[in-house]
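Input: a single structure, listed below in structure tokens.
A short reminder: the numbers here are calculations on the coordinates, not readings from a lab. This structure is a prediction, so every number in the text was calculated from the model and none was measured. As a convention, Cβ positions derive from the backbone with ideal geometry for all residues, glycine included, and neighbour counts pool all protein chains shown.
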Amino acid sequence: MTSHLDDASMAADDERASDADAAWQGDVRAGVRQVRDLDSLPLSPAERAAAQVAATRHKVRIPKAYLDLIDWSDPADPIRAQVIPSPEELAEQEGELDDPIADHAFSPVPRLTHRHADRVLLFATYQCAVYCRFCFRKESLTSIGRGFSREALEPAFAYIEAHPEIREVILTGGDPLSLPDKALAEIRARIEAVAHVRLLRIHTRVPVALPSRVTSGLVRSLQGRLMVTVVTHFNHAREITPATEEACRALRQGGFVLLNQSVLLKGVNDTVEVLEELCRELMYRLGVKPYYLHHGDLARGMTHRRTTIAEGRALVSALRARLSGICNPVYVLDLPDGGGKVPLGPCHVEAQDGETWRIRGQDGELRTYTELVGDP
Ligand SMILES: *Cc1c(COP(=O)(O)O)cnc(C)c1O
Ligand code: SF4
């Protein structure tokens, strides 16, 4: 038995699967793996019709653990909205983009994006454990679609070696934790052999959508010389379950720093109550620090999921007043032309006049603050 998601395009892994591996493999097999598996789900006729077309634009995959979180009696269920193709997806709009955050424009070698001097994105695989309808990389996942191969990553490793300013390597994709343990260990070992790299970051939805995949073998494959940060992607408190709690505990006990990034999605998490519960449970129950809340980007067919920036700013202002400092994410927009992620608020500074600032307090009152500094 093989222990990876896509037999066709991944390096063979012929080790006998352990019980722990059998558990997550069963979870993958019992889930939605292709569009015709949707036939067994109670979809609306419109969803059924849309699914055929939508699946040609962005793959469909939903592990059983994630599928089981859907409340089918609610057509607007926030878990359903993230993974079931919807008719609205087919209505692409002028201005939507194939590459919303300019990954390709800043890619000096295949499978690597270098936009900020000290850190690079490494696309270890273009496959995921779950395919999210709102994904900003869905065009690459559909058009490139490939898994891990040693040869494909060689130019990226050589680039990292040749650039001493790189301190952080961010494994993304696709979902790096959809790779076999052996491939992860190999990638990790290759990166930690580069003396100037200090930190390995993993961007993943596996702890959310396929928590059984977080086995002791997976944790071990990432342990080595480097500081490791795992950035999860929870969007709703309903995704926090005993299984995701167990996965996050294993990662924390493995010695990894856990952060979360969410995408602000209309109909999924665009109320202050939903975001408040999500951020609080992430920190207090999972030990995962809310890092970023991303404004919905210009991925194709996602008009129905985008909020306005003004709505997003009002939400994070309310969060700031309700949640402790460590529970608050930073609300960011990833600029389409490669301008990077910029914070959108809240901003409490209203005006400056010399050394006098007008600043709004947490209580909403405008105050004056006068700076006192020594002579230059
Ligand atoms: C998001 C991103 C990073 C990481 O940014 P942080 O603000 O450090 O989390 C790095 N490089 C690229 C190209 C990115 O899009
Ligand atoms: S897991 Fe991440 S990369 Fe994969 S489809 Fe979802 S958002 Fe996109």
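Round to a whole angstrom and tell me the spacing of the C-alpha centers of region 49-88 and region 255-304.
Each part's Cα centre sits 19 Å from the other's.
What per residue convex hull volume, in Å³, do the alpha-carbon atoms of region 176-271 yield?
95
Under 5 Å between amide hydrogens, which residues at least 5 positions from GLY287 or on another chain qualify, with H placed 1.01 Å from N in the peptide plane?
none
Once fully extended, how much extra length lies between THR241 and ASP37, figured as 0.36 nm per residue of separation less the alpha-carbon to alpha-carbon distance?
That works out to 71.0 nm of additional length.
If you average over every viewing direction, what projected area does the convex hull of the Cα atoms of region 142-301 give, in nm²? If you can, show how the numbers build up before the last one.
Working: hull surface 40.7 nm².
Projected area, direction-averaged: 10.2 nm².
With equal scatterers on the alpha carbons only and no solvent term, can you work out the Debye log10 of I(q)/I(0) for region 227-376 at 0.12, 0.16, 0.20 1/Å?
For region 227-376 at q = 0.12, 0.16, 0.20 Å⁻¹, log10 I(q)/I(0) is -0.61, -0.94, -1.21.
From Cα coordinates alone, what are the radius of gyration and Dmax values for region 41-139 in angstrom?
Spelled out, the Cα radius of gyration and Dmax of region 41-139 are 16.2, 49 Å.
Would you mind checking the radius of gyration and Dmax of region 291-376 based on alpha-carbon positions, in Å?
Cα-based Rg and Dmax for region 291-376 come out at 16.4, 56 Å.
log₁₀ I(q)/I(0) of region 79-229 at q = 0.16, 0.20 Å⁻¹, via Debye over equal Cα point scatterers, no solvent, to two decimals?
Summing over Cα pairs of region 79-229 leads to -0.90, -1.30.
Give me the number: length gained by fully extending ALA105 to ALA46, i.e. 0.36 nm times residue separation minus the C-alpha to C-alpha distance, one decimal in nm. Mind showing how you got there, number by number?
Details: separation 59, 0.36 × 59 = 21.24 nm, distance 3.69 nm.
Stretched out fully, the ALA105 to ALA46 stretch lengthens by 17.5 nm.
Name the residue farthest towards the positive end of the dipole of the chain from the options PHE106, PRO87, PRO155, assuming +1 on Cβ of Lys and Arg, -1 on Cβ of Asp and Glu, about the Cα centre.
Sorting the options by dipole projection puts first PRO155.
Fewest first, what order do ILE101, ILE191 take by the number of other Cβ atoms within 10 Å?
Exposure proxy ranking, most exposed first: ILE191, ILE101.
For the chain, I need the span (max minus min coordinate) of the C-alpha atoms along each principal axis, in Å, sorted largest to smallest.
69, 55, 40
Suppose the chain between ALA321 and GLU355 were pulled fully straight at 0.36 nm per residue; how much longer would it get relative to their current alpha carbon spacing? Before the final figure, lay out the partial values.
Numbers: separation 34, 0.36 × 34 = 12.24 nm, distance 2.68 nm.
Value of the extension gain: 9.6 nm.
Which order results if THR271, THR241, THR232 are arranged by neighbouring Cβ count within 10 Å, fewest first?
THR271, THR241, THR232
Given contacts defined as C-alpha pairs under 8 Å and at least six residues apart, what's the relative contact order of the chain, whole-number percent?
Working: 732 pairs, mean separation 55.0, N = 376.
About 15 percent, as a whole number.
Go through region 274-282 residue by residue and turn each phi into a ³J(HN,Hα) via Karplus (6.51, -1.76, 1.60, θ = phi - 60°); whole Hz please, and just put x for glycine and proline.
My calculation for region 274-282 gives 5, 5, 4, 5, 4, 5, 5, 5, 4 Hz in order.
Could you give each residue of region 119-127 its phi-based ³J(HN,Hα) in whole Hz, using Karplus coefficients 6.51, -1.76, 1.60 with θ = phi - 60°, and x for Gly or Pro?
Karplus values, whole Hz, x for Gly and Pro: 8, 10, 8, 10, 8, 5, 7, 10, 10.
Given H placed on each backbone N at 1.01 Å, which residues far from ILE202 in sequence or on other chains put an amide H within less than 5 Å of it?
Those qualifying (amide H under 5 Å, at least 5 residues apart or on another chain) are LEU171, THR229, VAL230, VAL231.
For PHE134, enumerate residues with amide H under 5 Å from its amide H, sequence gap 5+ or separate chain, H modeled in the peptide plane.
HN-HN under 5 Å from PHE134: empty list.
Using the Cα centre as the reference, give the magnitude of the dipole from point charges on the C-beta atoms of the chain (Lys, Arg: +1; Asp, Glu: -1; all else neutral), rounded to the nearest 20 debye.
It works out to roughly 600 debye.
Tell me the Kirkwood hydrodynamic radius of region 25-88 in angstroms, computed as one over the mean inverse distance between distinct C-alpha pairs.
11.8
Name the residue from ALA195, ILE240, VAL332 whose Cα lies farthest towards the positive end of the charge dipole of the chain, charges +1 on Cβ of Lys and Arg and -1 on Cβ of Asp and Glu.
After comparing all options, I get ALA195.
Can you list the HN-Hα couplings for region 356-368, worked out from phi with the Karplus curve (6.51, -1.76, 1.60; θ = phi - 60°), rounded to whole Hz and with x for Gly and Pro?
So the J values, rounded to whole Hz, are 9, 10, 9, 10, 7, x, 4, 7, x, 7, 7, 10, 10.
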